[in-house]
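We did not get these values from a lab; they are worked out from the coordinates using the rules stated. Not measured: the values here are computed from a predicted model. Note: ideal-geometry Cβ built from the backbone for every residue, glycine included; neighbour counts use all protein chains shown.
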Amino acid sequence: MTLDEAISKAKADGDVQLAEWLRQARGADAAGRWYTETLDNANRTIRKLRTENAKLRERAVAMLSELRGVVSEGDYDSPSGRYFLLRKDVAAYEDALRELGIEVPS
């Protein structure tokens, strides 16, 4: 029996108080469905953001690895005319990752 059917039966039986409680229950049921749907949507969003966050962390660590690979011992022009990164620049990047809570591999 649905709540609407129970409300109709309570009214037919003359039980005004039961009919009122059932109407309130129907409203609470609708509100409960709305809150459940809202929480489900929030959980989906949280899962999506956590996945994206993990990907960004992985990319940041991969970039650090690449940066470490191109660092030179000094500050000079390469034959192509580009500057090589200095170790202090990589250290600053490592510090920035740590500030973001990203574990920096050694």
### Query
Once phi is turned into θ = phi - 60°, what whole-Hz ³J(HN,Hα) does the Karplus curve with 6.51, -1.76 and 1.60 give for every residue of the stretch 90-96, x standing for Gly and Pro?
5, 4, 5, 5, 4, 4, 5
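Relative to the present Cα-Cα distance, how much length would full extension add between R98 and E20 at 0.36 nm per residue of separation? Display every interim value, and only then the final one.
On the way: separation 78, 0.36 × 78 = 28.08 nm, distance 5.89 nm.
Gain in length upon complete extension: 22.2 nm.
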### Query
Which angle between 0 and 90 degrees, to the nearest 10, do you get for helix 3-12 versus the longest principal axis of the chain when only C-alpha atoms count?
20
### Query
By how many degrees, 0 to 90 and rounded to 10, does the Cα axis of helix 16-70 deviate from the longest principal axis of the chain?
10
### Query
What is the distance, in nm, between label points placed 7 Å from the Cα along the Cα-to-Cβ direction at A31 and at L49?
2.6
### Query
Just going by the charge dipole of the chain, with Lys and Arg at +1 and Asp and Glu at -1 on Cβ, which of W21, I46, T2 is farthest out on the positive end?
T2
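Helix-only estimate, please: 222 nm mean residue ellipticity of the chain, summing -39500 (n - 2.57) across DSSP H runs of length 4 or more and dividing by its residues, to the nearest 500. Kindly include the intermediate steps, with their values, before the conclusion.
Working: 3 runs with 78 residues, N = 106.
Taken over the chain, the calculation gives -26000 deg cm²/dmol.
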### Summary
Taking 0.36 nm per residue of separation between V61 and R87 and subtracting their Cα-Cα distance, the length gained on full extension comes to 7.7 nm
### Task
Can you figure out the FRET efficiency of N41 with V70, using R₀ = 41 Å and their beta-carbon distance, to the nearest 0.05?
0.40
### Task
Identify which of the listed values of Cα Rg over 2.2 N^0.38 Å was calculated from the structure shown: (i) 2.39; (ii) 1.36; (iii) 1.27.
(i)
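Under unit Cβ charges (Lys, Arg +1; Asp, Glu -1), what dipole magnitude, rounded to 20 debye, does the chain have relative to its Cα centre?
Values: 17 positive and 19 negative charges, 32 e Å.
It comes to approximately 160 debye.
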